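The values are calculated or read from the model by the stated rules, or taken from the named source; none is laboratory data. Only a predicted model underlies this, so the values are computations on that prediction, with no experimental measurement involved. In this analysis, Cβ positions are derived from the backbone assuming ideal geometry, glycine residues included, and neighbour counts consider all displayed protein chains. Only protein heavy atoms, including side chains, enter the accessible area calculation; ligands, DNA and RNA are left aside. Shrake-Rupley method; radii C 1.70, N 1.55, O 1.52, S 1.80 Å.
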Amino acid sequence: MSDESKSTAGANTMWGGRFAAGPDAIMEAINASIGFDRRLAAQDIAGSRAHAAMLADTGIITADDAAQIDAGLLTVLSEIEGGTFAFSTALEDIHMNVESRLRELIGDAAGRLHTARSRNDQVALDFRMWVRDQADAAVTGLTALIEALVGQAEAGADLVMPGFTHLQTAQPVTWGHHMLAYAEMFARDRARFADARARMNECPLGAAALAGTGFPIDRHATAAALGFDRPSANSLDAVSDRDFALEFLSSASICATHLSRISEELVIWSSAQFRFVRLSDRFSTGSSIMPQKRNPDAAELTRAKVGRITGAMVSLLTVMKGLPLAYSKDMQEDKEQVFDAADSLMLALAAMEGMVRDMAPQADNLRAAAASGFSTATDLADWLVREAGLPFRDAHHVVGALVKLAEDSGRDLPELTLEEMQGAHPAITAGVFDVLTVEASAASRLSYGGTSPTRVREQAARWREALAAEREAGA
């Protein structure tokens, strides 16, 4: 895809008379990228239209040529979108395919389009615009997922469930609090995509092959026309840079990791052993041999996407790690993995949003699990600190002895008698039983960011207000 790494392509008239022999089938196969970079068609044509308009405005080409070019490019775009465009491997990439068809449509005027431009800055522009669009799409998908999580939090603000550490029952939390934990994770992902988008929003068009151009172009005009904040400041960097793609993949990899974590929980929670949640029929499948099975396939497949997405990041890092400035043909290998990662991410986000919106928490099972495993032991220790004045470490020791007593007798802490508790410490009174229910435990966690239903409702309301403000600002 580079003007500077030309193959032996005498049969390709785009190269003029430099090469005497045409490429054989192997060279054509390894050199061509049209099989995947056709996805850049809309961006390629948008960039060419802006470039042609600028060339006319600066007097580099005539207004008549620019008008013919623009009309021809719109025709090409219509053919591509309509599925009637004939892509050619011999023409290597999307840029030459478009330019060749443009010449068929409008004749010699098409040859003036490439004035003051190289395929190096052209592909850098197209790819950057495509990744920018994908960053926007990721933000939109994450916003929808956050809204679904906030909806679950509002509906389950009072619903008690076990909180885990090491996948062992730790303390009671609320369903709403658990849902909002993921809302915070995905909000950080959203911010990463937005931050990466802001940094990538510099226009490489006009950098030409690597050194800029002697024509009196207006790079600020093309940057503005294409929605960029500014033109890139260094022509060498403009054609060499793929940081924008790496940042997108980095953000996507972290996001995919979060999607994998919640997927793992849905897989566990929907199992017969847990029965914490029921996924809808829309996101479950059956078994070909076991009629009782209800498999969380959407969650499992979403969990697996992180491998493809993180693999894409490692792949592109490996491609870029040893490249000198400016362009090398290696950089043709920068797109397929990004395309695949973006597709995988958007599918995973959509699937997770659907699962979250549809899933039904099983309240009785969640509460029963929350009450198991001595989950209110910390509440008992806190009570000893507040009511009996014990140092926390001493209270911890007392509660440990009571947990052992309960465990040895096959009971939970609330089932111990007052006399048994007083045997561990005489300052314990009947009031201790008020803090040993899972509902009381969750309700007591009133610190900012805590699991109390009061705090969950406050946080959900904050999210609703923020999301509404974003919608209004974007309207």
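Computed quantities for the displayed model
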quantity	calculated
Mean projected area (nm²) of the alpha-carbon convex hull when the stretch 25-113 is viewed from all directions	5.7 nm²
Quotient of C-alpha Rg and 2.2 N^0.38 Å, computed over the stretch 88-165	2.12
Relative contact order of the stretch 373-412, pairs being alpha-carbon contacts under 8 Å that are 6 or more residues apart, as %	40 percent
In Hz, Karplus ³J(HN,Hα) per residue of the stretch 100-111 (6.51, -1.76, 1.60; θ = phi - 60°; x = Gly, Pro)	5, 5, 4, 5, 4, 7, 10, x, 4, 4, 4, x
Protection proxy ranking of 120-126, 324-330, 467-473 - average other beta-carbon atoms within 10 Å, highest first	120-126, 324-330, 467-473
Cα pair distances exceeding 18 angstrom across the stretch 330-372, given as percent	59 percent
Fully extended contour minus Cα-Cα distance, from Asp108 to Leu74, at 0.36 nm per residue	10.5 nm
Using a Förster distance of 60 Å, the FRET efficiency for Arg471-Thr429 (Cβ separation, nearest 0.05)	0.70
Ratio Rg/Rh [Cα only; Rh per Kirkwood] for the chain	1.15
Signed unit charges on C-beta, dipole axis of the stretch 372-474, positive-most listed residue Thr454, Leu413, Gly431	Thr454
Residue-by-residue Karplus 3J(HN,Hα) for the stretch 354-365, coefficients 6.51, -1.76, 1.60, Hz, glycine and proline x	x, 4, 5, 5, 8, 5, 10, x, 9, 4, 5, 5
Solvent-accessible surface (1.4 angstrom probe) belonging to Leu418, in square angstrom, nearest 10	50 Å²
The chain, relative contact order in percent, only Cα pairs under 8 angstrom and at least six apart counted	16 percent
Among 165-172, 239-246, the order from most to least packed when residues are scored by Cβ within 10 Å on average	239-246, 165-172
On Cα atoms only, tilt of 297-320 relative to the major axis of the chain in degrees	50 degrees
Crossing angle, helix 41-57 versus the chain [Cα axis fit, 0-90 degrees, rounded to tens]	50 degrees
Placed amide H near Arg278: partners under 5 Å, 5+ positions off or other chain	Ala360, Gln362
Quarter of Cα convex hull surface for the stretch 297-414, i.e. mean projection, nm²	14.5 nm²
Kirkwood-based Rg to Rh ratio, the stretch 137-226, C-alpha trace	1.35
Expected-Rg normalisation [2.2 N^0.38 Å, Cα atoms] applied to the stretch 372-474	1.45
Ranked by how many other beta carbons lie within 10 Å on average, peptides 47-59, 265-277 from highest	47-59, 265-277
Asp195-Ala461 FRET efficiency (beta carbon distance; Förster radius 25 Å; 0.05 resolution)	0.45
Extent along principal axes [Cα atoms of the stretch 227-362; Å; largest to smallest]	61, 33, 19
Paramagnetic reach from Leu325 in the stretch 208-225 [backbone N under 12 Å; point 7 Å along Cα→Cβ]	210-212
Amide H within-cut-off set for Val173, under 5 Å, with H built and near neighbours excluded	Met161, Gly163
The chain: calculated mean residue ellipticity at 222 nm from DSSP helix runs of at least 4, using -39500 (n - 2.57)	-20000 deg cm²/dmol
Karplus-derived 3J(HN,Hα), 6.51/-1.76/1.60, for each residue of the stretch 234-249, Hz, glycine and proline x	9, 5, 4, 5, 4, 8, 8, 6, 10, 4, 4, 6, 5, 5, 4, 5
